[in-house]
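The values are calculated or read from the model by the stated rules, or taken from the named source; none is laboratory data. Note that the structure is predicted; figures quoted are calculated from it, not measured. Every residue, glycine among them, receives a Cβ derived from its backbone with ideal geometry; neighbour counts consider all protein chains shown. Just so you know, the surface numbers come from the protein's heavy atoms only, side chains and all, with ligands and any DNA or RNA stripped out. Shrake-Rupley method; radii C 1.70, N 1.55, O 1.52, S 1.80 Å.
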Amino acid sequence: RFLKTIDRVVAKGLDLHLICDNYATHKTPEVKAWLAKHPRFKLHFTPTSASWINLVERLFAEITRQRIRRGVFKSVEELKAAIAEWIACRNATPKPFKWTKTADTIIAKNRRGRAILDTVKSGNQPLESEH
């Protein structure tokens, strides 16, 4: 329903670039068939276990839960003002995020992922069990 709504309201001449979590939903036969019929939808996937993306998702989840979900907004301006107020309150007592992984660990994981991506792009795709 979400994609159909976007397809309906966005000007037909525009490509639609969607940033998606690297989850298997897009691999179902129904979704594959729908996307094949709607080539203006371009899917881009976040890296698996991308810790910085997880932080962004957590922030949006908190805004949604604490301020947006039960709110009533009569205009986009009211919604923007509510979000700005929430951010100001949050920033009044900031709590820094502490990374639990070392830079070396993150870089090594990135290199492993890059190697797999390069293998897939070259056509020498490993078997699922090799991931």
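Here are the numbers:
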{"quantity": "Simple spin-label estimate for residue 111 and residue 81 in nanometres, 7 Å along Cα-Cβ", "calculated": "5.3"}
{"quantity": "5 angstrom amide H check on residue 16, placed H, neighbours 5+ away", "calculated": "41, 42"}
{"quantity": "Using θ = phi - 60° and Karplus 6.51 cos²θ - 1.76 cosθ + 1.60, couplings along region 79-91 (whole Hz; Gly, Pro as x)", "calculated": "5, 4, 5, 5, 5, 4, 5, 4, 5, 4, 5, 5, 6"}
{"quantity": "Net charge of neighbours whose Cβ lies under 12 Å from the Cβ of residue 18, counting Lys and Arg as +1 and Asp and Glu as -1", "calculated": "-1"}
{"quantity": "Prolate/oblate/rounded call for region 1-41, Cα gyration tensor, a/c under 1.5 rounded", "calculated": "prolate"}
{"quantity": "Average accessible surface area per residue within region 40-79, 1.4 Å rolling probe, Å²", "calculated": "78"}
{"quantity": "With every protein chain in place, region 1-98: carbon and sulfur % of accessible area (1.4 Å)", "calculated": "61"}
{"quantity": "Cross-link reach list, lysines versus residue 98, counting only Cα pairs under 29 Å and skipping chain neighbours closer than eight places", "calculated": "80, 109"}
